[in-house]
Amino acid sequence: MSQSKTAGPVPEDKTAEEEQPRSPREIRLVMVGLVVTMLLAMLDNLIVGTAMPTIVGDLGGAEHLSWVVTAYTLATAASTPIWGKLGDLYGRKGTFLTSIVIFLVGSALSGLSQNMNELIGFRALQGLGAGGLMVGVMSIMGALVPPRDRGKYQGMFAAVMALATIGGPLAGGFITDHLSWHWTFYINLPLGVIALAVVVVTLKLPKVRNNARIDYLGAILLTAGITSLVLITTWGGQQYAWGSKEILGLAALSAASLIAFCYVEQRVDEPMLPLSLFKNLNFTLVSIIGFIVGFVMFGSTVFLPLYQQIVQGASATNSGLLLMPMMFGMLVVSLVVGQAVTRTGKYRIFPIIGTIVMTGGLILLSTMGTETSSFTSACWMIVLGAGMGFLMQITMLVAQNSVELKDMGVASSTATLFRTIGGSFGVALFGALFNNRVTDTMKERLGEHASAGGGVKDPGQMSPAALRKLPEAVQDAYHHAVSNGLHTVFLWGTGVAVIAIAAAVFLREVPLRGAGKGEKPTESSLEAAAV
């Protein structure tokens, strides 16, 4: 254990990354590469998702369709904390570039796939690289820019998120219709080459040498635990019943792996995820908030396009545009909050406001029914987006400000992982609640003789075109069923969001590094929020 103080990464020039001043021009040049990389990470699933029906029609193997997404998601989630730790140990630039190269190789091979099995394997390789993209962007950002000044650049990432959410499905549809589905993967290559070139040329970080041994056992146990959790949320209630031996077995494996992981991490010199980070109150609280933001954002908003298409009659062709009001609210608020943090150095009030506004947005959305206008629903989506805008970047900012620079990668990957796992749990839980409520409502309105919900065999997957072929009474019943399902989802989301409010209230205002001219982080500032 005594080696832990000397086994950590040591910059060869003996200067910390953040102690080297960067000009605004240098940072802006690096930001080009980081922004393009983030766009890569966020666009991929959205573009590919639109092309999946065409891919299945070409390659066959529809029974393996879910694994195309699951393989990518599993690899991304499992590799996220590993990439963060490797960046801390061996240098952020090298690991970041490696993750980009792996992602691009996976993209190229996915585009060349000749059958579904190949596509699934190559998507897993692509996901392995994707796990390092977001973590690399955030940890490099944390190393280059002091927390106090990070708000100046925060809006770029919020804009990328909005662009990807809106443009991804549109780009996927255009590529599939006018080129071929292969280009949904090939489109990553020119963007990735640009990102690689910009990062190689512009990013200057101190070289790092390290004699620490990689925590292989911790990595294996953490991977097993995360993989089991993601499979539970992916298969539970869909491929297997929640009480099935498969799901219960995965739950047991996950619990055993994570318990063993915690045991191992306390006994190695360089843990994959230092549990001591959670002794810091702020780090723990923003991890909880990040989990809930992912839970709400991915879990509840996935049903908004369904409501707008089924109940409000919106076109499915431009489905990416349906979430524009929420993205607009998120973008505008994120920009304002980022600038406010930079000017004042204060941040505690924003998570409190954000969690309250997010909860309010969920309450408003829970009131939507069959007569709610598109304008009204758009207004409520703006409120929800505004609440998330207060939280999306602030949670990462607080997490990074709560750790020493040597743990920047771990802090970034942990924040990303909690949000990802939260999203997986949200989709699974809300999906089960939604489907059950839809089925119950269909039976209430059509009678018990409608054992399959009046001809609706899969409540969560009924398309507008298929619905129009059913009798008018069934259509009306399904409109009410979807509204009731959405009502249930958002009410449950409200209950979960209240926990985020409580967590935000207990955050402490720890001075942001870089808050004063020439100020350097001190041991006391890092421990000020510790329990």
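The values are calculated or read from the model by the stated rules, or taken from the named source; none is laboratory data. Computed from a prediction, not measured in an experiment: that's the story for all the values here. Cβ coordinates were reconstructed from backbone atoms using ideal geometry, including for glycine residues, and neighbour counts include every protein chain displayed. The area values use the complete protein model at the heavy-atom level, side chains included, leaving out ligands, DNA and RNA. Shrake-Rupley method; radii C 1.70, N 1.55, O 1.52, S 1.80 Å.
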Report summary line: Selection from segment 18-40 of residues modelled with pLDDT of 80 or more and either under 15 Å from Y186 (Cα atoms) or open to solvent by less than 50 Å² (accessible area, probe 1.4 Å) (or both) yields V30, M31, G33, L34, V35, V36, T37, M38, L39, L40
Query raised in the report: What's the number of the condition T95 fails, among (1) more than 25 Å from H182 (Cβ to Cβ); (2) polar (S, T, N, Q); (3) at pLDDT below 85?
Result: (3)
Query raised in the report: Which condition number in (1) surrounded by 14 or more Cβ atoms within 10 Å (Cβ to Cβ); (2) over 24 Å from L89 (Cβ atoms) is the one that A241 fails?
Result: (1)
Report summary line: Subset of segment 346-369, residues buried (at least 18 other Cβ atoms within 10 Å of the Cβ), touching a residue at least 60 places away in the same chain (Cβ under 8 Å) and within 29 Å of R148 (Cβ to Cβ), comes to Y347, P351, G354, T355, I356, M358, T359
Query raised in the report: Could you say which residue among D149, D88 is open to solvent by 30 Å² or more (accessible area, probe 1.4 Å) and of a type in the set (D, E)?
Result: D149
Query raised in the report: Going by the conditions given, is E527 surrounded by fewer than 17 Cβ atoms within 10 Å (Cβ to Cβ), modelled with pLDDT under 80 and farther than 25 Å from Q312 by Cα?
Result: yes
**Report entry** Residue in segment 389-396 that is hydroxyl-bearing (S, T, Y), in contact (Cβ under 8 Å) with a residue 40 or more places away in the chain and open to solvent by 40 Å² or more (accessible area, probe 1.4 Å) present
**Finding:** no
Query raised in the report: Just to be sure, is G313 in a helix (DSSP H, G or I) and either farther than 25 Å from R150 by Cβ or touching a residue at least 60 places away in the same chain (Cβ under 8 Å) (or both)?
Result: no
Requested in this report: Tally the residues that are more than 22 Å from N280 (Cβ to Cβ) and touching a Pro at 6+ places or on another chain (Cβ under 7 Å), restricting the search to segment 386-400.
Outcome: 0
Requested in this report: Go through the residues of segment 404-424 one by one and say whether even a single one is at pLDDT below 85, under 17 Å from L275 (Cα atoms), in contact with a strand residue (DSSP E or B) (Cβ under 6 Å, 6 or more places away or on another chain) and part of a loop (DSSP other than H, G, I, E, B).
Outcome: no
Query raised in the report: Of all residues in segment 268-293, which are over 21 Å from the mean Cα position of the chain (by Cα) and either outside any helix (DSSP H, G or I) or under 24 Å from A428 (Cα atoms) (or both)?
Result: V268, D269, E270, P271, P274, N280
**Report entry** Out of L133, L97, sole residue that is assigned to a helix (DSSP H, G or I), open to solvent by less than 10 Å² (accessible area, probe 1.4 Å) and in contact (Cβ under 8 Å) with a residue 12 or more places away in the chain
**Finding:** L133
Query raised in the report: In segment 398-421, what residues are open to solvent by 10 Å² or more (accessible area, probe 1.4 Å) and of a type in the set (A, V, I, L, M)?
Result: L405, A415, L417, I421
Requested in this report: Check segment 193-216 and report whether any residue there is assigned to a helix (DSSP H, G or I), touching a Phe, Trp or Tyr at 6+ places or on another chain (Cβ under 6 Å) and either open to solvent by 40 Å² or more (accessible area, probe 1.4 Å) or closer than 17 Å to K85 by Cβ (or both).
Outcome: no
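Can you report the number of residues in segment 297-336 which are among the β-branched types (V, I, T), at pLDDT 85 or above and buried (at least 21 other Cβ atoms within 10 Å of the Cβ)?
Initial filter on segment 297-336 (among the β-branched types (V, I, T)): 301-302, 310-311, 317, 332-333, 336.
Subset that is at pLDDT 85 or above: 332-333, 336.
Filter again for buried (at least 21 other Cβ atoms within 10 Å of the Cβ), leaving 333.
The total comes to 1.
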Query raised in the report: With (1) open to solvent by 40 Å² or more (accessible area, probe 1.4 Å); (2) under 23 Å from E118 (Cα atoms); (3) touching a helix residue (DSSP H, G or I) at 6+ places or on another chain (Cβ under 6 Å) as the list, and L170 as the residue in question, which single condition is left unmet?
Result: (2)
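Please tell me if S254 is farther than 30 Å from P146 by Cβ, hydroxyl-bearing (S, T, Y) and touching a Leu at 6+ places or on another chain (Cβ under 6 Å). Walk me through how you get there before you give the answer.
Values: farther than 30 Å from P146 by Cβ: yes; hydroxyl-bearing (S, T, Y): yes; touching a Leu at 6+ places or on another chain (Cβ under 6 Å): yes.
Yes: the conditions hold for S254.
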Requested in this report: Please find, among L109, L46, the residue that is of a type in the set (A, V, I, L, M, F, W, C), in a helix (DSSP H, G or I), open to solvent by 40 Å² or more (accessible area, probe 1.4 Å) and modelled with pLDDT under 80.
Outcome: L46
Query raised in the report: Which of the residues belonging to segment 221-255 are in contact with a strand residue (DSSP E or B) (Cβ under 7 Å, 6 or more places away or on another chain) and assigned to a helix (DSSP H, G or I)?
Result: E246, I247
